[in-house]
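Participant: This is the structure, below, for whatever I ask next.
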2 protein chains.
Amino acid sequence: MTEHPMKAIARRLDARNPLDDDDVAALNNVRCAITTHPPESFLFREADRPGDYCSILLSGLAFRQKVTAHGKRQIVAVLMAGDFIDAQHLFLDRADHNLEAATAITVAEFSRHQFRDVILNRPRVGVAAWKEALEEGAIFREWLVTVGARPGPVRVAHFLCELGCRLERAGLASREDFIVPLTQEQIADVLGLTPVHVNRVLKSLVADGLISQRGRSIQVSSWERLTVAGEFNPIYLGPSARHDAHRAQHLPTSTLLRPRGQM
Amino acid sequence: MTEHPMKAIARRLDARNPLDDDDVAALNNVRCAITTHPPESFLFREADRPGDYCSILLSGLAFRQKVTAHGKRQIVAVLMAGDFIDAQHLFLDRADHNLEAATAITVAEFSRHQFRDVILNRPRVGVAAWKEALEEGAIFREWLVTVGARPGPVRVAHFLCELGCRLERAGLASREDFIVPLTQEQIADVLGLTPVHVNRVLKSLVADGLISQRGRSIQVSSWERLTVAGEFNPIYLGPSARHDAHRAQHLPTSTLLRPRGQM
DNA sequence: CGGTCGATTGAACGCACTCAAACGAGGTGG
DNA sequence: CCACCTCGTTTGAGTGCGTTCAATCGACCG
């Protein structure tokens, strides 16, 4: 937490579309603060008018969810460190879903109006924000396919693939060994299954030698086989951001954007 | 088709966020053309690099779909006149899904790079485009709830409510009497059900007196009861654009944006 | 050392699926 | 104009994947 929170946003956006020093300076001028929230707390709820801030997740796991009139909960997105929490509220003034912390989380909140102005007035930042938002849209579409058109075992395998992939891209874990800080009930609510069935399917994946579990940590025995079982094609996640050689030319000369301890 | 196609975009965006005359003029400078496409034709396919155009639907119905490795098709969005077809491709360079015409459609195609510049350099247009994109995201989330957490009969009723609502908002029909130009098989692929089951559910909705059918046209007997059956709450569709009194103050003095024959 | 929450396992049920056949409307060619 | 084909809708019967209900187990915690 010693890092200035705005750096996290700048790094994230720069990964989508290279920013220049002025862009980064503009971002650094945005007023911001860090907050923490315990597991199961809500950052906003459906129909809320959002406050005057916009935020990204700095650590922990959170998810977007909605509850039906019959009381069933559907989790419609899982957020990890670096993800935008409420980009919608930059431009829409009603929340259409609930945002719940899965673990203890830390969040960087920054002035919604100031950030909005930066996005609208600095094309490079705007492009980065657009890519960010559109890539989340692509994930929604893939989730619709998973939930609407894939059998249970494929759903679970696909979800594990996506989570591993995203954690790896975010620099938080290896896709072949990562922790899923979700209960099986929450996984069930992601996938439109019951906790009981998720449990059985996970056990069968273990029995088939695709993964092994230690508590909530997952070891992928064969990434190749798991992607086949999950019909996983990461194209919808966008290009993997690891083009360091290419990106290096565009990075500002300051060390501002580099993750600490990295080259 | 006598209308200049760029007017359709300007009208659509103005409904999201009021534009001024300069904004409209900038939009009118964007190079564009009208194309038509027969039913079942594809405008783009997954993994395609999009061409140098961006388009909106002028007439007809289209949908976004993906096909799983096991050959099941999931329809992830339904587009009607006025909707953006490929806003994603303004900023992402790979299609993550297929875009298929459900009926014969007409499309306005305009220069992607020019339109992108207008969005990035004219904040009012940018805000409108952002709202547009974010509202589609809200629809994705609601669809995830429908497909993942609602029983078949509720899914069908919810889908009919959304379609009626959106058609009415687009000025294309009344929400209590509209045409669904989709086969039951396509509806099934929207809802993650089988055509056979969709058929049975539709029949039961008719038997229960919620709707009646004449061919593919739907008459809603009781909108109230249908929304209850479908657990339908239109909050996710955003504010209904029919604030004519309010919007009038913001409209440019030119008649450019007014739908012909109105007011 | 209970108490709580999540994971696990068993057994029976049911919603939606699959397979299959019949029906009806629209279109085409003889 | 009718015969015929095609495609979508409709209906019936049997099946199965995932659910529901319920009980046990295990781990963490106060």
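The values are calculated or read from the model by the stated rules, or taken from the named source; none is laboratory data. Given the structure is predicted, the values throughout are model-derived calculations rather than measurements. When we count neighbours, we look across all protein chains shown, and the Cβ atoms used for this are built from the backbone with ideal geometry, even at glycine. In case anyone asks, the SASA skips ligands and DNA or RNA and just uses the protein heavy atoms, side chains included. Shrake-Rupley method; radii C 1.70, N 1.55, O 1.52, S 1.80 Å.
Participant: Could you check the range B:195-211 and list, in sequence order, the residues that are hydrophobic (A, V, I, L, M, F, W, C) and more than 8 Å from DNA strand C (Cβ to nearest atom)?
Facilitator: Of the range B:195-211, the ones hydrophobic (A, V, I, L, M, F, W, C) are B:196, B:198, B:201-202, B:205-207, B:210-211.
Within the range B:195-211, B:202, B:205, B:206, B:207, B:210, B:211 qualify.
Participant: Follow-up question, since we're still on this one. Which of the following residues is more than 9 Å from every other protein chain (Cβ to nearest Cβ) and either surrounded by 20 or more Cβ atoms within 10 Å (Cβ to Cβ) or away from DNA strand D (no atom under 13 Å from the Cβ) (or both): B:225, B:150, B:216, B:200? Don't jump to the end; show me each part of the working.
Facilitator: Numbers: B:150 fails: more than 9 Å from every other protein chain (Cβ to nearest Cβ); B:216 fails: either surrounded by 20 or more Cβ atoms within 10 Å (Cβ to Cβ) or away from DNA strand D (no atom under 13 Å from the Cβ) (or both); B:200 fails: either surrounded by 20 or more Cβ atoms within 10 Å (Cβ to Cβ) or away from DNA strand D (no atom under 13 Å from the Cβ) (or both).
Being more than 9 Å from every other protein chain (Cβ to nearest Cβ) and either surrounded by 20 or more Cβ atoms within 10 Å (Cβ to Cβ) or away from DNA strand D (no atom under 13 Å from the Cβ) (or both) holds for just one of B:225, B:150, B:216, B:200, which is B:225.
Participant: Could you identify the single residue in A:106, A:146 that is among the β-branched types (Val, Ile, Thr) and not in a helix (DSSP H, G or I)? Working first, answer last.
Facilitator: Numbers: A:146 fails: not in a helix (DSSP H, G or I).
Every option except A:106 fails the conditions.
Participant: Can I ask one more? Tell me whether the range B:190-197 contains one or more residues that are of a type in the set (Ser, Thr, Tyr), within 10 Å of DNA strand D (Cβ to nearest atom), out of contact with any Lys or Arg (no Cβ under 8 Å at 6 or more places or on another chain) and without any contact (Cβ under 8 Å) to a residue 40 or more places away in the chain.
Facilitator: yes
Participant: Something else: Can you tell me which residue within the range B:14-61, out of those that are more than 27 Å from residue B:98 (Cα to Cα) and part of a loop (DSSP other than H, G, I, E, B), is most open to solvent (accessible area, probe 1.4 Å)? Give the steps one after another, and end with the answer.
Facilitator: Going residue by residue through the range B:14-61, those that are more than 27 Å from residue B:98 (Cα to Cα) are B:14-15, B:17-29.
Going one step further and asking which of them are part of a loop (DSSP other than H, G, I, E, B), we end up with B:17-20, B:29.
Values: B:17: 28, B:18: 40, B:19: 4, B:20: 49, B:29: 123 Å².
Of everything passing the filter in the range B:14-61, B:29 is most open to solvent (accessible area, probe 1.4 Å).
Participant: Next up: Hey, can you tell me all the residues within the range B:119-146 that are within 16 Å of DNA strand C (Cβ to nearest atom) and in contact (Cβ under 8 Å) with a residue 24 or more places away in the chain?
Facilitator: Listed by number, the residues that qualify are B:143, B:146.
Participant: Ok, one more. Quick one: in the range B:176-194, of everything that is open to solvent by 30 Å² or more (accessible area, probe 1.4 Å) and more than 18 Å from residue B:143 (Cα to Cα), which residue is nearest to DNA strand C (Cβ to nearest atom)?
Facilitator: Once the filter is applied, the top-ranked residue is B:183.
Participant: Further question on the same structure: Can you spot a residue in the range A:89-96 that is within 15 Å of DNA strand C (Cβ to nearest atom) and in contact with a Gly (Cβ under 9 Å, 6 or more places away or on another chain)?
Facilitator: Pass one, the range A:89-96, residues within 15 Å of DNA strand C (Cβ to nearest atom): none.
Within the range A:89-96 (the criterion being within 15 Å of DNA strand C (Cβ to nearest atom) and in contact with a Gly (Cβ under 9 Å, 6 or more places away or on another chain)), the answer is no, since none of the residues qualifies.
Participant: Further question: Quick check: is even one residue across the range A:117-137 surrounded by fewer than 21 Cβ atoms within 10 Å (Cβ to Cβ), in a loop (DSSP other than H, G, I, E, B) and within 7 Å of chain B (Cβ to nearest Cβ)?
Facilitator: No, every residue in the range A:117-137 fails to be surrounded by fewer than 21 Cβ atoms within 10 Å (Cβ to Cβ), in a loop (DSSP other than H, G, I, E, B) and within 7 Å of chain B (Cβ to nearest Cβ).
Participant: Another question about this same structure. Check whether at least one residue in the range B:67-83 is closer than 27 Å to residue A:116 by Cα and in contact with a helix residue (DSSP H, G or I) (Cβ under 6 Å, 6 or more places away or on another chain), and report yes or no.
Facilitator: First pass over the range B:67-83, keeping only residues closer than 27 Å to residue A:116 by Cα: B:82-83.
Filter once more, keeping what is in contact with a helix residue (DSSP H, G or I) (Cβ under 6 Å, 6 or more places away or on another chain): B:82.
The answer is yes, given that some residue of the range B:67-83 is closer than 27 Å to residue A:116 by Cα and in contact with a helix residue (DSSP H, G or I) (Cβ under 6 Å, 6 or more places away or on another chain).
Participant: Also, I was wondering about something else. Identify the residue in the range B:81-99 that is surrounded by 21 or more Cβ atoms within 10 Å (Cβ to Cβ) and under 15 Å from the mean Cα position of the chain (by Cα) and, among all such residues, is farthest from the other protein chains (Cβ to nearest Cβ).
Facilitator: If we take residues in the range B:81-99 being surrounded by 21 or more Cβ atoms within 10 Å (Cβ to Cβ) and under 15 Å from the mean Cα position of the chain (by Cα), then B:85 is farthest from the other protein chains (Cβ to nearest Cβ).
Participant: For the range B:147-175, give me each residue that is more than 22 Å from residue B:221 (Cβ to Cβ) and either free of Cβ contacts under 8 Å to residues at least 40 places away in the same chain or more than 14 Å from the chain's Cα centre (by Cα) (or both). Full working, then the answer.
Facilitator: Within the range B:147-175, the subset more than 22 Å from residue B:221 (Cβ to Cβ) is B:147-149, B:170-171.
Of everything in the range B:147-175, those that are more than 22 Å from residue B:221 (Cβ to Cβ) and either free of Cβ contacts under 8 Å to residues at least 40 places away in the same chain or more than 14 Å from the chain's Cα centre (by Cα) (or both) turn out to be B:147, B:148, B:149.
Participant: Criterion first (in contact with a helix residue (DSSP H, G or I) (Cβ under 9 Å, 6 or more places away or on another chain), away from DNA strand D (no atom under 11 Å from the Cβ) and more than 18 Å from residue A:63 (Cα to Cα)) does residue A:169 satisfy it?
Facilitator: Numbers: in contact with a helix residue (DSSP H, G or I) (Cβ under 9 Å, 6 or more places away or on another chain): yes; away from DNA strand D (no atom under 11 Å from the Cβ): yes; more than 18 Å from residue A:63 (Cα to Cα): yes.
For residue A:169, the condition - in contact with a helix residue (DSSP H, G or I) (Cβ under 9 Å, 6 or more places away or on another chain), away from DNA strand D (no atom under 11 Å from the Cβ) and more than 18 Å from residue A:63 (Cα to Cα) - is met.
Participant: For residue A:81, only one of the following conditions fails: (1) hydrophobic (A, V, I, L, M, F, W, C); (2) in contact with a Cys (Cβ under 7 Å, 6 or more places away or on another chain); (3) closer than 28 Å to residue B:148 by Cα. What is its number?
Facilitator: (2)
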